[in-house]
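A quick write-up on the structure given underneath.
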Amino acid sequence: MSDQQKDKEGSGNDKRDRSRQSSEEQEAGPSGSSGARRGSSPVDKLQGFVTNLLSKLTVSTPKPKVLESNDIDAVVNFIQSEKCKNIIVMAGAGISTSAGIPDFRSPSTGLYANIMMKYQLPDPQVMFEIGFFKKNPEPFYSLAKELFPQELNPTPSHHFVRLLHNKGFLLRHYTQNIDGLERLAGIPGGKIVEAHGSFHTSHCMSSSCRKEHSFDWMKEKIYSETLPKCTQCDTLVKPDVVFFGENLPARFFDCMSKDFPQCDLLIIMGTSLVVQPFSHLVERVPDDCPRVLINREIVGTAPHMFARGMNFKSERNRDIAILGDCDDGVRKLAKALGWEQEFDKLCSGQGQAATNQPNL
C-alpha cells in the first residue's frame, strides 16, 4: 500500500473516530463537553410531563372534614350555622311518584310496553326523538296522557323545596321533571331550572309562527286525545319538553355556570344520576360543599374519566345519604330542623300562596 493510500485511510478512520466520539458525548448528557442534554427532546419532555402528572394524581394530602359526622344531625347543624346561605336542590322523578305520576323509565309501570304494542314501536325511546315526533307525534301524546293524573298536586318533597325558599336558603331548584309541580307548590319561576323542559308552555312548531300556548290549553288537548294544532296557523304544537336531538334550554347552562360555584349545600332527591349532563352537576359545587342524597338507594358513586363520583364512606363526611322515599326523607329533615309545623301547613295547602317571579 502506498503512503498516499495510507494517509487517506488514516484520515477516514479519524473522521469515524471523531463522529463516534461526538455521538458518545451527546449520549453522555450533562457530563459531556458538547451536544444536547438528556430530556431536551420532545419525547423526553412528554415523558417528564406524564411522570409529573401521575405523581400529582397519586400523591395527595388528606383533606379536612366537611361535616362533623356522617348523619342527618350533622346536616342540620350545618344548615343552622352561618356557613349555609345558598342551597341548590337537584331533583328527579322520585319526588313526583307520590303525586300519581309514574316513573315512565321503569319497566314495571307498563306504560312503555302498552304504547309500544299499540303503535308497534321498535324501541320506546323513539317517541322522545324529535325526528320521530315530527313524523308520528301520537305515541308521545298517548304517553303524556298516562303520565298526568286528572288532579295534579305537589308532593311533600316539592313543599320542602318551597320551605327552603321561604326560609331564604334556596338558590335554585334544578329538576329533570317535566310535570311542573314545582310551580304548583309555589316555588317562583325564577328559582326553577327545568333541565329537560316542561309542559308549562308549548309552542307552534312552525318557524314562522312559534305562537305560545298555555299549559291548560295543552292539557285539554291531551285529555281529549286531540292532536294539538296551532290556533293561529294549524301547525302541530309541541310542549317545551326537550327531546333527544334537541339542545337543553339555554337557561340551564346560564344558571349552572353562576349558581354552582356559590353553592354551600347540595341536596339531591329522587334521581338515578345517570342522565347527562344533569348528573355531572354534582361535581360542579366547591370541594368543601356538603352533598346530601335523599333517595331510595345510593347513586352517583361510580366515577368516570371526568369525575370522581360521590363517596358516602369517606372520613371527610362530605356526602350524606338519607335513604328511603323522598317524602319520608324530607319530613325527617324538616322535623330535625324544627320546621315541622311550617312544613305540615304547606303540605296541607295552608302555606303562602304561590308567588310569581321572572326568571333571574
Neighbours by Cβ (under 7 Å, 6+ apart or cross-chain): first from the stretch 319-342, free of Cβ contacts under 8 Å to residues at least 12 places away in the same chain and closer than 17 Å to ARG291 by Cα; second among the charged types (D, E, K, R) and assigned to a helix (DSSP H, G or I)
none
Of the residues SER96, SER69, which single one is modelled with pLDDT of 65 or more, open to solvent by less than 60 Å² (accessible area, probe 1.4 Å) and under 30 Å from LEU236 (Cα atoms)?
SER96
So which residues in the stretch 190-239 are surrounded by fewer than 20 Cβ atoms within 10 Å (Cβ to Cβ) and among the acidic types (Asp, Glu)?
GLU212, ASP216, GLU220, GLU225, ASP234
Index of the failed condition, PRO286 passing every other in (1) modelled with pLDDT of 95 or more; (2) in contact with a Ser or Thr (Cβ under 8 Å, 6 or more places away or on another chain); (3) not small (Gly, Ala, Ser):
(2)
Kindly indicate whether VAL275 is touching a residue at least 12 places away in the same chain (Cβ under 8 Å), open to solvent by 10 Å² or more (accessible area, probe 1.4 Å), hydrophobic (A, V, I, L, M, F, W, C) and in contact with a Gly (Cβ under 6 Å, 6 or more places away or on another chain).
no
Can you give me the ranges of the strands (runs of 3 or more DSSP E) entirely in the stretch 119-210 with at least 2 residues that are of a type outside the set (A, V, I, L, M, F, W, C)?
170-175, 197-204
Just checking, does the stretch 242-264 include any residue being part of a loop (DSSP other than H, G, I, E, B), touching a Gly at 6+ places or on another chain (Cβ under 9 Å) and loosely packed, with under 14 Cβ neighbours inside 10 Å?
yes
Hits in the stretch 209-258 - residues which are under 30 Å from the mean Cα position of the chain (by Cα) and among the charged types (D, E, K, R):
ARG210, GLU212, ASP216, LYS219, LYS238, ASP240, GLU246, ARG251, ASP254, LYS258
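The values are calculated or read from the model by the stated rules, or taken from the named source; none is laboratory data. Everything numeric here is computed off the predicted structure, so don't read it as measured data. Glycine also receives a Cβ, built like all others from the backbone with ideal geometry; neighbour counts cover every protein chain displayed. What goes into the accessible areas is simple: the full protein's heavy atoms, side chains included, and nothing from ligands, DNA or RNA. Shrake-Rupley method; radii C 1.70, N 1.55, O 1.52, S 1.80 Å.
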